[in-house]
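Notes follow once the structure below has been shown.
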Amino acid sequence: MMCVCNPKTINQSQKPSGNDQPRGRHIFAGGVCHRESEILCHRRAIRFVLSAIGFFLVATTINDLSAASPDKTNQTNSATTPTRLPVAPRLTKHRSVVSQAGKLKLVEKSVEFRTASTRMSTGLQYNFVDALPSYLPASQAAADKKSTATMNGFNAHGDRPRDDHRVTFPNDFSPTPLPSDSMYHDGDREQWVYDSKRNVPTQHPWVEWGRIFYGDGITPRGKNWFGEYNMVRPEFYVYGDFRTGIGAGRNAGGRTDNFANRLNLDMDLQLTDGGRFHGFVGPLDDGGAFTRFERVAGDLRFRNEIDFTPVTGFYEGDLGPIIGGLTGQSSPFELPITIGLVPLLFQNGIWMEDAVTGAAFALPARHSKLLNWSNYDATFFAIFDQINSQAFGADENAAQAFGTAWFIDAYGGYIENGYAFVRDRNDPSRSYHNITASFTRRYFDRISNSVRVIVNAGQDGPRADRTADGTLLLVENSWITSAPLTFVPYANFFAGFGNPQSVARAGISGGILRNTGINFDTDGLNGFATLDPTGNNTAGGSVGVDLIGDDLDRQLLLEMTYLTPHGDGNPLVPKDQFALGSRYQFPISHRTLLRFDVMHGWRRGLDNVYGTRMEYRWKF
């Protein structure tokens, strides 16, 4: 019989009225129980509750053990499945209840689990950061807060955990979320990192005095000549390359059938780690012409262009370590300096590429919070002689230049700015201002774009006599494909107005449009044919593709170019011009390579240009 403790369940016909109900008795469905029966009823209820609690604890323990053991089926599926959507961390209530001052606190909060390609939301999350016990030590509380950083689907560094990583919680005794391989040490595996190394073949310099150029081991202690904070480790190297090539064809000046040779020798005397004397000489060339055999009007002739006059000779170092060594302290600042016959190259050689007599210093690795520049360098230069420029004809002693060039990382891209005042020593009317600015960045993760402008202004003579007066706009683009290192389509365009010039440009450096495409780029050896590279009152562009081997061991360039005159015209471009060109090069060894070039240019109103050439290069 069931004990009915709620009077509302008693049948009214069975319920006594008034004083007929005995005290201390419960009413059964079929009669009245005494106090002993009442005690027995309470014991049965307690046993029932304890049994239910025990069953619940056993079930919970089994569930935890199942969750802790690896699921072989899931591991197999995750290993064979290329991609899978992230799964929200599994939460159980017994892990979600946190004791705080003897009370249970459960915090519910909506959270989003995000990845780069999808977003999932769960309506219930247990926020343990807010529910941490106040009596925990500061270090334990900080660790518990850190463990919750992975609850949003990413770890503390912003990376999505792997599928086999478990999310940890405060006071959670589940297995540590570390890969199984990290739980033991394998000495053989650690030793393999060193045993598997091998020497990489390298070509050593012709002359190698002092420390070996590609040496190993610990660098020996230097000599205390300039102070213990600027130790001297003297070394002297002579290195460079030898180029020999044979070419045939016709450029804008006439036939070019020759076998030419070029030797580049760099001499480097390094005293300290931050200072050196450097010189460069080309003993087989003179004034841009190279020692060669050439065929002229059916005759084979030898041209001797041997000249040992130094092309560069300068000192470069950092003034900070020099002062630090002399004063017995670490470098108090950084101030790179150079002086002598210095090669200056700015904006990939477009704005300046020449060896000039002068000096320069730089302010490196700066930043500006006010302008939101994360990093910038500023170079200041003064040129006193040896400026090569078409603005001054063949007279390299006619001009001086003073200016600055800035390199800035800001606004999601890379900025290059420059200004120079170019002063004519003898004719002030030919002095002018040369200004440049460029901005390079990537758009839509698919296009790398660079916009560059060069402006010449300030010459006072008659317009027909102005040699540096105009503007050049350059736009360079490359497409980022699924194979960004081996398949690079590109499209470069330009528009020149007037007669724009670089600040200084050596004769063998080619024209100002050299980087626009290979059909504007001379080879610097055989006099290979190109279209007009001056940008003087012309516009056009080059479209091509750069194909590089899978091992980055060979290169094939295919390109087509268009050039058209406008404005006052250009005598070298009376009408439209077209060109097709190709270049292929590959290494023979770690110090030698072969290069092949071919091009054909159609010039309306002028003779066509064309050429083929083969070059062997040995680097040492």
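The values are calculated or read from the model by the stated rules, or taken from the named source; none is laboratory data. Source: prediction; values computed, not measured. As a convention, Cβ positions derive from the backbone with ideal geometry for all residues, glycine included, and neighbour counts pool all protein chains shown. Surface accessibility is based on the protein's heavy atoms, side chains included, excluding ligands, DNA and RNA. Shrake-Rupley method; radii C 1.70, N 1.55, O 1.52, S 1.80 Å.
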With a 1.4 Å probe and every protein chain left in place, tell me how much accessible area THR522 has, in Å² to the nearest 10. 50
Placing each pseudo-label 7 Å from Cα in the direction of the beta carbon, GLU208 and TYR414 end up separated by a distance in nanometres of 3.2
How much accessible area per residue does region 542-602 have, in Å², with a 1.4 Å probe? 53
For region 560-620, what size does the Cα cloud have along each of its three principal axes, sorted from largest down, in whole Å? 50, 18, 16
With all protein chains in place and a 1.4 Å probe, SER330 shows an accessible area in Å² (nearest 10) of 80
Calculated FRET efficiency for the pair ASP576/ASP273, C-beta based, R₀ 56 Å, to 0.05: 0.50
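Can you tell me how region 304-440 classifies by the Cα gyration tensor, rounded, prolate or oblate, using a/c under 1.5 as the rounded cut? The partial results should precede the final answer.
Values: a/c = 2.16, a/b = 1.30, b/c = 1.66.
Cα axes put region 304-440 in the oblate bin.
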Sorting GLU559, GLU208 by accessible area (1.4 Å probe), largest first, what list results? GLU208, GLU559
Would you check the accessible area of PHE578, probe 1.4 Å, heavy atoms only, in square angstrom rounded to 10? 70
Between THR256 and residues 5 or more places away or on another chain, the pairs with built amide H atoms under 5 Å apart involve GLY249, ARG250, ASN251
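Suppose accessible area is computed on protein heavy atoms with a 1.4 Å probe; arrange TRP351, TRP373 from highest to lowest. Could you put the intermediate results ahead of the total?
Details: TRP351 0, TRP373 50 Å².
Result of the area sort, largest leading: TRP373, TRP351.
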Under the Karplus relation with 6.51, -1.76 and 1.60 and θ = phi - 60°, whole-Hz ³J(HN,Hα) for region 462-478, x at Gly and Pro, equal x, 4, 5, 9, 6, 9, 9, 8, x, 9, 10, 10, 10, 10, 10, 9, 9
Mind listing the long-range amide H neighbours of SER502? Cut-off is under 5 Å, sequence gap 5 or more, other chains count too, H placed in the peptide plane at 1.01 Å from N. none
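Shape of region 328-371 from its Cα gyration tensor (a ≥ b ≥ c, root eigenvalues): rounded if a/c is under 1.5, otherwise prolate when a/b > b/c, or oblate?
Since a/c reaches 1.5 but b/c is at least a/b, the shape of region 328-371 is classed as oblate.
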